[in-house]
Amino acid sequence: MPRIHLRSIAWLVALGPVLAAAPAPAAKRSAESELLDLHRAVIEAHLRSDVDALLAPESDDYVVVSRGEVSHPTRQERADRLGPYLRSTRFEVYEDLVPPVVKVSPDGRLGWVIVQVRARGVQTRPDGTQSPIEFQSAWIELYEKRGGRWVRTGNVSNFKG
């Protein structure tokens, strides 16, 4: 009869909760795919100048880190800031420069997408004149699984000079 070592049992007891909390590989791939789809929706919302689509998956407790500041704007404040910008801008290009980095926490409850995009288009000023707009930006989209769906809870962004 094989002997079971006390050390082996201790390792199994210690690792049990960790292994039980980790999503199965297929579930992790599925979660990563869902997050990538949400990022693609961000790209599409910019191309369609659709602020409602951009804000749809965002939580009410959203946090923004940008230009050296941390803020907690309400959904309405985000719409008031982003709406005029998107309505006045028509992007010809808004695309990933590098493949997005998508990660999901071991327990499957948190995720993030790290991206670098380039954008080019035309922005119309209130007086009707137009000017070209072109930039590169990188950001991290932060997500949390709530009620069985991914909710974007924050964004940390920067622009290339």
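None of the figures in this text is laboratory data; all of them are computed from the coordinates on show. In this text the structure is predicted, and so the values were computed from the model without any measurement. Here the Cβ is made from the backbone with ideal geometry for all residues, glycine too, and neighbour counts use every protein chain on show.
How big is the gap, in Å, between the Cα center of segment 131-161 and the Cα center of segment 55-101? Segment 131-161 and segment 55-101 have Cα centres spaced 7 Å from each other. With a ≥ b ≥ c taken as the square roots of the eigenvalues of the C-alpha gyration tensor of segment 48-119, please select rounded if a/c is under 1.5 and otherwise prolate if a/b is larger than b/c or oblate if it is not? Note, shape of segment 48-119 comes out oblate.
Taking other Cβ atoms within 10 Å as a rough exposure proxy, PHE159, PHE91 sort from fewest to most as PHE159, PHE91. Length gained on full extension, GLU77 to ILE140: 20.6 nm, using 0.36 nm per residue less the C-alpha separation.
Computed across segment 35-89, the Kirkwood radius stands at 11.9 Å (inverse of mean 1/r, all Cα pairs).
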